[in-house]
């Protein structure tokens, strides 16, 4: 069964990792007439924005555990829908709008007022009134606190499913998972 996307993917741009540059991925992309490009080798800043989102979104919400079962996939799919709602409609961010120079000659970024991605989209004028009302109706009645509780519940379920196998894999490869402990502690107290 071929998966359909709500958008047309024209180019797949990845880093140079073997998880992206291999015959399986290339075959999948060619079957769908999608061009594949890659970042330049040894240019670590090529993927800086994507990598920062890996930490900010993926690692913060799904941690470093190993997920490889259908149950875990189903939980991750539910988790990303909730995280997307929270980040796009309830989490304000600041965007850099320019630079100024301080008294000692250093450049300093200037930021706009914090706004959610949804607020930025509303003020951009890209959507018409019908599209704006559809999205507003979709998010009306969503409780941000309840959203956070649902995210925490799914995170705890993922933790229960994946912790033992990830720790066994880390021990076999002599990896240190101490960096995960603050996140696990935060979830344990939220439970």
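Quick rundown of the values:
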quantity: Ranked list, fewest to most other Cβ atoms within 10 Å of each Cβ, for 20, 63; calculated: 20, 63
quantity: Length-normalised contact order for the stretch 63-190 - Cα pairs under 8 Å, 6+ apart - percent; calculated: 31 percent
quantity: Whole-Å distance, taken between Cα centres, linking the stretch 64-134 and the stretch 146-174; calculated: 25 Å
quantity: Projected-area average for the stretch 63-190 over all orientations - Cα convex hull basis, square nanometres; calculated: 12.7 nm²
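Values in this text are rule-based calculations from the coordinates and carry no lab data. No experiment lies behind these values; they were computed from the predicted model shown. All Cβ positions, even for glycine, are placed from backbone atoms using ideal geometry, and neighbour counts span all protein chains on display.
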